[in-house]
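Please read the structure below before turning to the comments.
The values are calculated or read from the model by the stated rules, or taken from the named source; none is laboratory data. Remember, it's a predicted structure, so these values are computed and weren't measured experimentally. Here Cβ is always computed from backbone atoms with ideal geometry, including for glycine, and neighbour counts include all displayed protein chains. Protein only, heavy atoms only, side chains kept; ligands, DNA and RNA dropped before computing areas. Shrake-Rupley method; radii C 1.70, N 1.55, O 1.52, S 1.80 Å.
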Amino acid sequence: QVQLVESGGGLVQPGGSLRLSCAASGRTISTYAMGWYRQDPGKQRELVASITSTSSTNYADSVKGRFTISRDNAKNTVYLQMNSLKPEDTAVYYCNAVRFREHYWGRGTQVTVSS
């Protein structure tokens, strides 16, 4: 079992930055593909960014050039650096770990972009 705990969310003005962290415990995540998803009330959960075990990355078109996903396997942690934030980035952000048939989610952290 892998436990995932997100942190770093909060209220930020448009144009601001936040860095989300996803701390894993229970197992090392070095062989897991990791991802950040987000969900607004009444909408489907959507993929924001993902990173494979070999650190290949993928981003949603809406965040390309603004968000950066990274991983530190020594700290068993994945990050999401979010720059140039927009009001439409407001959502609960969830961390995800996948390996073969294993699939784990964190409880999420709220990000609100508002002036």
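Structural remarks
- Scan of the stretch 81-105 for residues that are at pLDDT 95 or above, open to solvent by 10 Å² or more (accessible area, probe 1.4 Å) and assigned to a loop (DSSP other than H, G, I, E, B), ordered by number: Asn83, Ser84, Lys86, Thr90
- Positions within the stretch 2-46 being in a strand (DSSP E or B), more than 19 Å from Val113 (Cβ to Cβ) and open to solvent by 60 Å² or more (accessible area, probe 1.4 Å), in sequence order: Gln3, Val5
- The stretch 67-80 - residue that is in contact with a strand residue (DSSP E or B) (Cβ under 7 Å, 6 or more places away or on another chain) and not β-branched (Val, Ile, Thr) and, of those, surrounded by the fewest Cβ atoms within 10 Å (Cβ to Cβ): Ser70
- The one condition in (1) farther than 25 Å from Ser115 by Cα; (2) touching a Cys at 6+ places or on another chain (Cβ under 7 Å) that Ser70 fails to fulfil: (2)
- Counted residues, the stretch 1-27 - those being at pLDDT below 95 and closer than 14 Å to Asn73 by Cβ: 1
- The stretch 90-115, residues that are of a type outside the set (Lys, Arg) and without any contact (Cβ under 8 Å) to a residue 40 or more places away in the chain: Phe100, His103
- Residues satisfying the stated conditions in the stretch 89-115, i.e. aliphatic (A, V, I, L, M) and touching a Leu at 6+ places or on another chain (Cβ under 9 Å): Ala97, Val111, Val113
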